[in-house]
Amino acid sequence: MNNINNHEGSFASANTSNVNDVIGGRKTQPIAIAAGVSLESRTEGAVLVSVKSDDAIVFSDEAESVPSLELESDDEETEDEESVWSDGDEEEDEEDAELEEGLAERLRILADARALKNLAVAFLHPEQPVLTTDGASKGRNFFNRPSAPEQLEDEEADEVADIMEDMAKLKKAARAYMHPEDKVVTEDATLYGRNYYGRASAPEMEDASDALEAARILADAGALKQSAVDYMHPEVGVKTTDGACFARCYFNRFSAPETEEDEFADERAEILADALALKKAAVDYLHPEIGVTCVDPTLFGRNYYGRAS
């Protein structure tokens, strides 16, 4: 390699001049790239040419290490772009997953709603036939099965329905008769009726003032009747529904007359009972024609005049 450098250096020095000639290989810069470097040598590595003060070109295979700022900046930009793209891809993946999950949940909700709707339709409309796409599905009739209860014929069923309808009408008429205070309820807007009390043939009615006066008179008469009954029948107990009502005893009041003690009252009652018995015996003796009256079924007696002795 040194031989080549020396040969090329001598060849260049033989054709040198003080004029800056590019073809001669002369340059005023301290470092230059040789013009005769092949493409292969360029691809393999950089060849530097050193021009000294004696205008001799020195070739060197050793590439000086020059910091490449452009490459470092490119690498950093690439890393930043890759990180941004990776973050964006992760966010897009998360959004896609959430969107797919939401769509799946919505489809499940719609399927449940559709099933509930079909069930409600089947419950509210039992007259609709059951639709199926499965040829293997089959079923027996609920009403014609062997274990089904005996059913009425059409004529008998119609007769039963008519009888039940008549019974409902009779029940309604009986309730309307027994409860005239209930209002008349009708669903037919074309039905109408006149007032029984305000009809043209209704009897003449009293004024409101006369009716009130008659009601007050009847109330006073009822109160007087109640007072007369209480006076004539003191044995009837006093009935009241007012818990605040109270009264004092008639016999224990301060102004009541003096009463006897229990012993004297019992003795008086016994004396009166004996006197009553003596009176009855005297009446029986003086009036033998009066028949004997007895209320005790266990008592019996023989005839004095028809006795055996």
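The values are calculated or read from the model by the stated rules, or taken from the named source; none is laboratory data. As the structure is a prediction and not an experimental result, all values here were calculated from the model. FYI the Cβ positions are ideal-geometry reconstructions off the backbone, even for glycines, and counts take in every protein chain you see. Note: areas computed on protein heavy atoms with side chains; ligands, DNA, RNA excluded. Shrake-Rupley method; radii C 1.70, N 1.55, O 1.52, S 1.80 Å.
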Averaged per residue, what accessible surface does the stretch 214-263 expose to a 1.4 Å probe, in Å²?
-> 105 Å²
Carbon and sulfur: what percent of the stretch 234-309's accessible surface (1.4 Å probe)?
-> 60 percent
Eligible lysines near LYS183 by straight Cα distance, threshold 17 Å, same-chain separation 8 or greater = LYS169, LYS171, LYS172
Residue (of GLY306, ALA269, LEU286) at the positive-pole extreme of the stretch 182-309, dipole from beta-carbon charges | GLY306
Where a Cα-Cα gap under 28 Å defines reach, which lysines qualify for LYS117, not counting those fewer than 8 residues away within the same chain?
-> LYS138
Estimated vicinal HN-Hα couplings, Hz - the stretch 178-192 in sequence order (Karplus 6.51, -1.76, 1.60; Gly, Pro = x) | 7, 10, x, 6, 6, 6, 7, 10, 9, 10, 9, 6, 7, 7, 8
Any chance you could look up the accessible area of VAL283 with a 1.4 Å probe, heavy atoms only, rounded to 10 Å²?
-> 60 Å²
